[in-house]
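Report on the following structure.
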Amino acid sequence: MGRMYAIITTTGPDRVGIIAGVAQVAAEHDLNIVDVSQTIMDDFFTMIMRAELPGEGFDLAGLQDTMGELGKSLGVDIRVQSEALFTVMNEV
């Protein structure tokens with residue numbers, strides 16, 4: 001089986017520590033961040049991150065829960081999806 005990836009999206013009011021917090025949780029879950037795009041429009045922060053998962057059997061639900069809790073503490077919405085699901089849901 002090939003490498004597996006997750007797409008992590010973060011949106012909400014801009015504030016200090018968003019990128020650092022998401023990157024810290026990614027590191028704690030042994031994710032390799034392979035691409036990231038972020039922008040601020042007015043005071044609204046958006047980020048899309050592509051991260052390589054460490055291996056088969058990875059607890060994606062656990063990562064989703066942890067990122068969701070981080071989002072609550074930062075006042076932003078953080079969503080985690082497998083790249084395959086993200087791609088299917090966003091095809092036109």
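The values are calculated or read from the model by the stated rules, or taken from the named source; none is laboratory data. Bear in mind that the values here come from a model prediction, so they are computed numbers and not experimental data. Neighbour counts run over all protein chains shown; Cβ positions are idealised from the backbone, glycine included. Surface accessibility is based on the protein's heavy atoms, side chains included, excluding ligands, DNA and RNA. Shrake-Rupley method; radii C 1.70, N 1.55, O 1.52, S 1.80 Å.
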Just give me the residues in region 38-67 being under 11 Å from the mean Cα position of the chain (by Cα) and small (Gly, Ala, Ser), in sequence order. Ala51
Where residues in region 1-56 are of a type in the set (Phe, Trp, Tyr) and within 13 Å of Val76 (Cα to Cα), which of them is surrounded by the most Cβ atoms within 10 Å (Cβ to Cβ)? Phe45
Would you please list the contacts, defined by Cβ atoms under 7 Å and residues six or more apart or on different chains, that run from a residue in region 8-21 that is among the basic types (Lys, Arg) to a residue that is surrounded by 15 or more Cβ atoms within 10 Å (Cβ to Cβ)? Arg15/Leu74
Subset of region 73-92 that is modelled with pLDDT of 95 or more and more than 13 Å from the chain's Cα centre (by Cα) - its residue that is most open to solvent (accessible area, probe 1.4 Å): Ser73
Please tell me if Leu31 is touching a strand residue (DSSP E or B) at 6+ places or on another chain (Cβ under 7 Å) and at pLDDT below 95. no
For region 57-72: of the residues being part of a helix (DSSP H, G or I) and without any contact (Cβ under 8 Å) to a residue 40 or more places away in the chain, which is surrounded by the fewest Cβ atoms within 10 Å (Cβ to Cβ)? Ala61
